[in-house]
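Novice: Have a look at this one.
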Amino acid sequence: MIVLGLGGAVGHDPAAALVVDGQVVAAAEEERFLRDKHAKGKQAELAARFCLKFAGLKPGDVRVVAYPFAPVSIFGPARWHYAARHWYAPDRAFTALFNGNRRFRRNARAVFAALERLGIDRERIRFFPVEHHLAHASSAYHLSGYQEAAIMSVDGVGEYCTTWFGYGEGGEIHKLKEFFAPDSLGGCYGAITEYLGFEMLDGEFKVMGMAPYGNAKRIDVSKLIEWNERGFRVNTRLVNCIGWRRYKRPAKGAPEGIGTYFSPELIKMWGPARVGDEIDNPYVHIAAAVQKQLEDILLALTKHFLGGRIAKTKRLCYAGGVALNVKANQRLIQMMGPGHELFVQPAASDAGTALGAATYAAHRLGDTVQSLQHAYLGAEYTPEEIEAELKRRNVRYEKCASVTDTASELLAQGEVVAWFQGRMEFGPRALGNRSILGNPASRGVADLINAQIKYRERWRPFCPSLLDTVAVEILQTTHPSPYMTFTFDVADAWKPRIPEVVHEDGTARPQIVTALSNPRYYELLKKFEARTGLGVLLNTSLNRRGEPMVCSPEDALNMFYGSDLRNLALGDFLVRK
Ligand SMILES: [Fe+2]
C-alpha cells in the first residue's frame, strides 16, 4: 500500500514521508526545498513532490494520506482540562468546549487544498487523521524495530495533549497516560527559551547548550511547575500563558508589542528578558536550573508511568520535540541502566510526525512496518546533475580520483571541508551527507568554522562523528547512537585528544558511524584515522546561521560562495577557493 504522510499540523516544520508496503522510501522537510527555516504555516507540497518523484510514483498512485492531527472528543478529559485551566481567557475556554475541533477542520481544509495542488484526488484516497502524539509514538516505536517497548512522546502541544506515556506490543500501540495543555514541559522550556532571548521552537538547543555554563542552585525555578512523580501543573501566571497574562515585547510596527509565552510577573521575579548575545548573568543560571528541572520531572514521570514496562522490555522509544533534548536523554539512559536501550527517532520533532502518521496508518491498514535503517531519506543528485550545476555556474573544479583520499588529507591538515554526498538527512542533524567537517584535534577549528560560516551562536557545541570501532573507548558505553540524539561522557583520556567536540561539561553528542549505515562517510573516517590516529571528525550541518540545511548542489554552491568556506566536496568533485 502507498501511504503519504504529511506533517505541518501544528504550524511549523511541515514534512512529507512516503511509506510503501511498510517500507519508508523517502522523507524530507519542506524547509529544505523552500529554503525557509521551519517553513512556518506552510504545507509540505515540495517535499511530497520529491517523495513521489524519488519513488517513481504519480500522484494518482497514492492510496492513503495520513495526517498527524485528529479530532478530539468532548467526552474525553482533554478539552475539559484545557477549558478549566484557561478560565482567565474565557474565549479560549469556550472554544475548547463548544468548538474544540476548529483547528482540526482548518488543518484538514489546508491539507485538501494542498492535495489538489499536488494532483491527488481527494475522492480517490483515504484521508487518515492520526492523533498528534500517537503519530510521534508511532514514529519512534514502529521504526525502532523493537517488538515490545515502553513509549513516550513529549512536545509543546499537539491537539491538546502535551505529554504521552504508553507502550508497544506486537505492533500495537497502547496509551497509558496523557497530560494536556497548558500543562506542557516542552511549552515551559520554550517559554523560557523566549525569555532567554532565543526563538521558541528553534533556540531550545541553545538553552541546553548554555546550561552547563550556569549553576542550577543559584536560581529557584520551583514556582514554574508544581510536580511530583504522578503529575505536574505549570504555573500559567508565569509561563505558558495566553491573552492578558502575556508579556508584550516591544517591537517596531506593533504598537501593542508582540505577545510572548511568559508573563510580566516572570520579569518581576527574575528581571528583564535577555536581549542580544552579550549578558550571561543570571541567564546562564536560569538555563541550568530550567534544564535540570526538565530532566528531574521527565525522569520521575518516566519512572512512575513506564518503570514497569522498561524493566520488562529493557526498551524505551521516545519522540516529540523534547526528545531532542540530548542531555535529558543521557540521564534517561543512565536511569535505565546497562543492557537497556533508548531509541530516539532522528526527526523526533514535528517533521517526524509525517513519518509517524504514515507508519501508523500503514500498520492499521495491514502492512508490516519495517524498522529504520538510516536517516538518509531525502533528495539525491547524480554526478551528471552535480557537474551540470558546476558548469552552469562556471566554477573551477576538479574530479577526484578518490574524494575520501583528498578530503581526509585536507582535514588532516586542519582544513575545514564542506561535505555534500548522497541522500539528504531527514531530521535536524547532519549525519555525514550534508555536513561541514573539521579535525577535532586541531585547536581553534570550531572558531574557524564559526568565522567561515558567520555563526555567532556560541552556545551551540560542535559534535563528533566517530567510527564504531572507537566509539566504546571514547564514550565508555555500548549504547547505540546513530543519530546524534544523546550525549555521553567522554573518557578522560580522550578529552584532550578531541577538544573541539567536547562540551563544557565533558560530554559529546556523537554519531556512531558504521560501514553499513554510510559507506562513503565511513571510508572517509577510516582514512582520516589512518592519517591522524583519530577515528573522529567534527561534524556540523551544512548551512549558515538561520538557514535550513543545504538540499541541492545549487544550495551548496550558494552557501559556499556566500561564506568563507574554502573547500567543498560535491560527490566526487572538489571546489576550492
Ligand atoms: Fe509535536
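Novice: Just need a number here: residues in region 517-571 that are under 18 Å from CYS400 (Cα atoms) and polar (S, T, N, Q).
Specialist: Of the residues in that region, 1 qualify.
Novice: Quick check, is ALA351 within 16 Å of the ligand (Cβ to nearest atom), more than 22 Å from ASP202 (Cβ to Cβ) and open to solvent by less than 20 Å² (accessible area, probe 1.4 Å)? Steps first, please.
Specialist: On the way: within 16 Å of the ligand (Cβ to nearest atom): yes; more than 22 Å from ASP202 (Cβ to Cβ): no; open to solvent by less than 20 Å² (accessible area, probe 1.4 Å): yes.
Taking the combined requirement at face value, the residue does not satisfy it.
Novice: Right, next: Here is a list: GLU425, GLU473, GLU500. Which entry is open to solvent by 10 Å² or more (accessible area, probe 1.4 Å), within 30 Å of LEU332 (Cβ to Cβ), in contact with a Lys or Arg (Cβ under 8 Å, 6 or more places away or on another chain) and of a type in the set (D, E, K, R)?
Specialist: Being open to solvent by 10 Å² or more (accessible area, probe 1.4 Å), within 30 Å of LEU332 (Cβ to Cβ), in contact with a Lys or Arg (Cβ under 8 Å, 6 or more places away or on another chain) and of a type in the set (D, E, K, R) holds for just one of GLU425, GLU473, GLU500, which is GLU500.
Novice: Filter region 127-148 down to residues that are at positive phi and within 16 Å of the ligand (Cβ to nearest atom), then give me how many there are. Talk me through it step by step, then tell me what you get.
Specialist: We begin by selecting, within region 127-148, every residue at positive phi; these are 145.
Among the residues that remain, those that are also within 16 Å of the ligand (Cβ to nearest atom) are: none.
Result for region 127-148: 0.
Novice: Within the group GLU389, GLU384, which residue is assigned to a helix (DSSP H, G or I) and open to solvent by 60 Å² or more (accessible area, probe 1.4 Å)? Walk me through it before giving the result.
Specialist: Values: GLU389 fails: open to solvent by 60 Å² or more (accessible area, probe 1.4 Å).
GLU384 is the lone residue from the list that is assigned to a helix (DSSP H, G or I) and open to solvent by 60 Å² or more (accessible area, probe 1.4 Å).
Novice: Quickly run through region 162-191 and pick out the residues that are assigned to a strand (DSSP E or B) and open to solvent by 10 Å² or more (accessible area, probe 1.4 Å). Explain how you work it out, then say what you get.
Specialist: Initially, region 162-191 is screened for residues assigned to a strand (DSSP E or B), giving 162-169, 172-180.
Selection gives TYR167, GLU169, GLU172, ILE173, HIS174, LYS175, LEU176, LYS177, GLU178, PHE179, PHE180.
Novice: Taking region 129-161 as the search range and keeping residues that are of a type in the set (S, T, N, Q) and outside any helix (DSSP H, G or I), which one is surrounded by the fewest Cβ atoms within 10 Å (Cβ to Cβ)?
Specialist: The selected residue is GLN147.
Novice: Please name all residue pairs, on different chains or six or more residues apart, with Cβ atoms under 7 Å, provided the first residue is in region 79-108 and is open to solvent by 40 Å² or more (accessible area, probe 1.4 Å) and the second residue is aromatic (Phe, Trp, Tyr).
Specialist: Correct list of pairs: HIS81/PHE180.
Novice: Take the residues in region 1-56 that are on the phi > 0 side of the Ramachandran plot, among the small types (Gly, Ala, Ser) and more than 16 Å from the chain's Cα centre (by Cα), then tell me which one is surrounded by the most Cβ atoms within 10 Å (Cβ to Cβ).
Specialist: Filtering region 1-56 for residues that are on the phi > 0 side of the Ramachandran plot, among the small types (Gly, Ala, Ser) and more than 16 Å from the chain's Cα centre (by Cα), the one surrounded by the most Cβ atoms within 10 Å (Cβ to Cβ) comes out as GLY22.
Novice: If GLU547 meets every condition in (1) over 25 Å from the mean Cα position of the chain (by Cα); (2) open to solvent by 50 Å² or more (accessible area, probe 1.4 Å) apart from one, which number is that one?
Specialist: (1)
Novice: While we're looking at this one, here's another question. Residue check: is ARG443 touching a residue at least 40 places away in the same chain (Cβ under 8 Å) and under 23 Å from the mean Cα position of the chain (by Cα)? Break it down stepwise before answering.
Specialist: Details: touching a residue at least 40 places away in the same chain (Cβ under 8 Å): yes; under 23 Å from the mean Cα position of the chain (by Cα): no.
Answer is no for this residue.
Novice: Of (1) of a type in the set (D, E, K, R); (2) touching a Leu at 6+ places or on another chain (Cβ under 9 Å); (3) over 20 Å from ALA300 (Cβ atoms); (4) away from the ligand (no atom under 16 Å from the Cβ), ASP367 satisfies all except one. Which?
Specialist: (2)
Novice: Among the residues of region 411-422, write down those that are open to solvent by 10 Å² or more (accessible area, probe 1.4 Å) and either assigned to a helix (DSSP H, G or I) or of a type in the set (D, E, K, R) (or both).
Specialist: The answer is ALA412, GLU415.
Novice: Scan region 244-264 residue by residue and report those that are in a strand (DSSP E or B) and among the charged types (D, E, K, R). Step through it out loud before you land on a result.
Specialist: Here is the first cut: in region 244-264, the residues in a strand (DSSP E or B) are 248-251, 254-259, 262.
Within region 244-264, LYS248, ARG249, GLU256 qualify.
The values are calculated or read from the model by the stated rules, or taken from the named source; none is laboratory data. Since this is a predicted model, take the numbers as computed values, not measurements. Please note: Cβ atoms are built from the backbone with ideal geometry, for glycine as well, and neighbour counts cover all protein chains shown. The area values use the complete protein model at the heavy-atom level, side chains included, leaving out ligands, DNA and RNA. Shrake-Rupley method; radii C 1.70, N 1.55, O 1.52, S 1.80 Å.
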